[in-house]
Amino acid sequence: MATLPGRIAWRLRELLSIPYLLEAEALETEPGSWVVRLSYPELPGCTAEGAVIENALKELERRRIEIILDLVETGREPPVPRKPLAAADPLWTAHDLGLSGRVAALLSGAREQGA
């Protein structure tokens, strides 16, 4: 697990709480067969699709967290189109998606650095 620079690690909770605009569309892949395509267009590469909207949304959220973590771990800032949600709990969301170990390690690294 990478050690993050204090300023960026300290902001991880805020970065994971940023609300991105959600775009959704239903696509007919062949006659009578449909999928739902979801994306956060403000976060490049953050898309998911599936036959069941709940599964596509869960995968989209997993992608959002992974993209933000990858950017933070490599010292790059994710897009910040608006302020973070005050009531968001990114660790709960990450836990629900099976990513809590990675997020918790980065958040505890920020606390250890005194940020």
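Taken together, the values in this text are just the output of simple stated rules run on the coordinates, not laboratory data. All figures in this text were calculated on a predicted structure; none of them were measured in a lab. Here the Cβ positions follow ideal geometry from the backbone for every residue, glycine too, while neighbour counts run over all protein chains shown.
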Review point. When the dipole is taken about the Cα centre of the stretch 6-112, and only Lys, Arg (+1) and Asp, Glu (-1) are charged at their Cβ, what size is it in debye, to the nearest 20?
Key: 600 debye
Check your understanding: Once the Cα gyration tensor of the stretch 9-66 is diagonalised, what are the square roots of 5 times its eigenvalues, in whole Å and ordered largest first, as equivalent ellipsoid semi-axes?
Key -> 27, 10, 8
Study note, to complete from the structure: Volume per residue (Å³) of the convex hull spanned by the alpha carbons of the stretch 6-112 is 99 Å³
